[in-house]
Amino acid sequence: MRSIWLEKVIDSVADRGRELLGMRGDPAPSDLENLCNALLTQKGEASGTALAREILRHYQQLSTARKLEFFTLLDSRFGPDKDAIFKAANAFRELGSAQAWLSLSETMEPQRLRLFRRLNTAPDGTRALVGMRADLLSLLGQNPSLEAVDADLKRLFTFWFNRGFLELRRIDWRTSATVLEKLITYESVHEIQSWGDLRRRLEADRRCFAFFHPALADDPLIFVEAALVRGMAATIDPLIDEGAPVLNPHDADSVIFYSINNCLTGLRGVSFGNFLIKQVAMELQREFPAVKLFSTLSPMPGFQRALRDRKIFTDWRLQAMVGSGAPAICAAAGTKDLASALMLLLQEPLRHEDVLTAPLTRLGLAYLVCARRKGKPLDPVAHFHLSNGAQLERINPFANRSPRGLRQSAGVMVNFRYIAQDFEANHEAFARHKKIQLGRALQKDGRSVREAWTSRS
């Protein structure tokens, strides 16, 4: 982790560089392109650091509209030089030499990549660039032409945040208040209600681990919360209840991963979770040899939305999945139309728990194993765990009775089980063929919903 002393040294270098460049006051918006060009051509370390700092300071003061102009500038003025690429490619085709290849490789690199690397030399430059990408992602939906700029930043971050640079740390009640406050801020799966709530999540029978990067002091990149319990948890409340009794962790036989949070929007798409889950499992296995079962209790955040999408759950698919439960659903809703009846009951699912439990279990299984987009599971949480080598173990209706859990997934949660000896085989089957490994208890129902999903008879 970069020390405060080092940051002061870099700042002093930048200050000296600013003096050497004759900078006075803040640059005008029209100067930003000139500053970027100057940074790309600057030879001196002090002046380069000063320029990088000034560009980032100036960027952070821009309005959203001005930031869009800046990203558009990066796309149009600091992209690849097509003519130079063609020329270098022809030279490589004719000569085929190592030097020609090196020249072609260098020419193909967009100027903005070199610009980003030089901006990273500014004090706290990495954090500023991660924030810059967060801004860019917020603009991308309305400005798809900027995808190349985003791809370049993501490419750099993939290198800079390589697993080899990350440090796994356990977070407990003795961890700095700065980090603990960020856990509260970044927790997006099961909101931390208070400091007392956080303290319970860090007790002896709970564990929290996070990855940190040397350039981002006290800022977790991703963290996982785990509960040491007996048996596979089927509901979330006992895991996050502030008043739950503390179990002696050495009496536990299971670890339940119940919350995984990516913290920094600017690192979206840079994968850390697959390393985190497996490394934490190894750490806990060493600490508690009696633990034999590693499982998640995961949300299905898009389940309710998918149920309402007639392109995914068509009327005949709903009928096939609900089966004999259809009359009870229609009777409870007072209508003969199954889709309308189901949507009506899902407005207040707890009132109709007895009628909905079995249908939601089957519909949840169908959503996870059958609903696809471009061949991948529609549910992003399922895709994450399945691609990491987990198997789908159990569907848990009404496992999350919070307003958010009911709104997103009608309260349904799922257990994905991690079995060390099956990691690689499951991962390969999913990566190559998108095959989902089901636990023994789900295999019969899994075959049934797959057949029903594709058959209209």
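Since every read-out is calculated from the coordinates, none of them should be taken as a lab result. Computed from a prediction, not measured in an experiment: that's the story for all the values here. So basically every Cβ, Gly included, is an ideal-geometry build from the backbone, and we count neighbours across all protein chains shown.
Just a few scattered comments:
- For the chain, the Cβ-based charge dipole about the Cα centre amounts to some 1180 debye (Lys, Arg positive; Asp, Glu negative; other atoms uncharged).
- Given LYS292/LYS444; LYS82/LYS374; LYS182/LYS434, the pairs whose alpha carbons are separated by over 28 Å: LYS82/LYS374; LYS182/LYS434
- Mean-position separation - Cα centroids, segment 113-128 and segment 178-206, in angstrom: 32
- Of LEU442, HIS383, ALA452, farthest towards positive along the dipole that unit charges on Lys, Arg, Asp, Glu beta carbons give segment 303-454: HIS383
- Projection of the Cα convex hull of segment 164-296, averaged over all directions and equal to a quarter of that hull's surface, yields 7.9 nm².
- Relative intensity, log₁₀ I(q)/I(0), of segment 332-439 from a Debye sum that treats every alpha carbon as a point, q = 0.10, 0.12, 0.17 Å⁻¹: -0.34, -0.47, -0.82
- With the simple model of a label 7 Å out from the Cα in the direction of the Cβ, ILE85 to ASP309 spans 3.3 nm.
- Label-point separation in nm, ASN34 to GLN347, each point 7 Å along Cα→Cβ: 6.3
- Theoretical gain in end-to-end length, ASN162 to ASP251 [0.36 nm per residue, Cα-Cα removed]: 28.4 nm
- Order of MET132, MET232, MET413, MET282 - criterion: other Cβ atoms within 10 Å of each residue's Cβ, fewest first: MET282, MET232, MET132, MET413
- From the coordinates shown, Cα Rg over 2.2 N^0.38 Å corresponds to which of (i) 1.13; (ii) 1.54; (iii) 1.17: (iii)
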